[in-house]
Amino acid sequence: MKLVKVKNYKELSRKASDILINEISKKPNLVLGFATGETPLGLYKELVMAYKKRKVDFSKIKSFNLDEYYPMKKRDKNSYYFFMHNNLFDKVNLNKFNINFLNGETKDAEKECKNYERKIKKNPIDIQILGVGVNGHIGFDEPGSREDSKTRLVRLTDSTIESNFKIFKHGKIPDKALTMGIGTIMASKKIILLANGRAKKEAIRHLIKGPVTERWPVSYLRKHKDMVLIADKACLG
Ligand code: GLP
């Protein structure tokens, strides 16, 4: 695991964006895995700015998002689908046919997850961006998630529902979600984990020092061959 220590959130977002832009320039048809939450917002702003300055071209990029609440309408402002379009996809030249999302509107969650897993197998993810939950979840892989888990329907913990309330616009957060599994995430060729702030300190400690355990799903990432952690002082402690 490579650790990139940064001074603050601005630097974290810039570092992540520099890595992505550099990788896209080397391989313009990269398959990117995107994450939601507050943490990658700065990265998405940097990417939009770089696109406006013509420093990056997304026209051949394919994308897969990690997760989506279930059930959830795409047009709902709380959906991750809306979040990604609002913060990145609508502001850059990513081809809408190349955007892959778990459909929170599906009636058949199992089939949806199987299809998504199949699509990822056909288009292996080159770089997966990740944030981490306060309880160590990645994607919506909550504590207890198995190392070989695949894309599936999961139940969210009370702690995740409570922490995610900060970016939920209105109403009640669903207590279920569709998420790539730990095994799906670990199959990505490269992983970039972004973490900032004191709230993430315990999760990051489990990633760096703790044993690899299903109680802290983020700790599985230690086993990945090409994993970069970009973290600020506050969460490194
Ligand atoms: C949600 C997402 C995760 C994200 C986490 C942390 O649970 N499913 O992918 O990493 O929130 O979010 P934040 O970056 O807002 O702390």
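The values are calculated or read from the model by the stated rules, or taken from the named source; none is laboratory data. All values reported here derive from a predicted model rather than from experimental measurement. Note: ideal-geometry Cβ built from the backbone for every residue, glycine included; neighbour counts use all protein chains shown. These accessible areas exclude ligands, DNA and RNA; they are computed on the full protein's heavy atoms, side chains included. Shrake-Rupley method; radii C 1.70, N 1.55, O 1.52, S 1.80 Å.
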Rounded to the nearest 20 debye, dipole of segment 2-236 from Cβ charges on Lys, Arg, Asp, Glu = 760
request  = Starting from the Cα of D226, step 7 Å along the direction of its Cβ; do the same at N8; then give the gap between the two resulting points in nm.
outcome  = 3.3
task = Send over a whole-number figure in Å² for the accessible area per residue of the chain, probe 1.4 Å.
result = 50
key: Accessible carbon and sulfur surface of segment 2-236 relative to its total accessible area, %, 1.4 Å   = 50
query = Over what distance in Å are the Cα centres of segment 92-165 and segment 1-44 separated?
reply = 19
note = Here D for the chain, in µm²/s, from Stokes-Einstein with a Kirkwood Rh over Cα pairs at 10 °C and 1.306 mPa s, works out to 90
message = Looking at the chain, identify the longest residue range that excludes and avoids all GluC sites (Glu not before Pro) in DSSP loops having at most 16 other Cβ atoms within 10 Å.
response = 148-237
message = Charges at C-beta only: +1 for Lys and Arg, -1 for Asp and Glu. How large is the resulting dipole of segment 1-101 about its Cα centre, in Debye rounded to 20?
response = 380
task = Let me have the relative contact order for segment 93-237, percent, based on Cα pairs under 8 Å that are six or more residues apart.
result = 28
ask   = What helices does the chain have that are whole DSSP H segments, at least 15 Å long along their own axis by Cα, and with mean Kyte-Doolittle hydropathy of -1.0 or more?
value = 9-26, 41-52
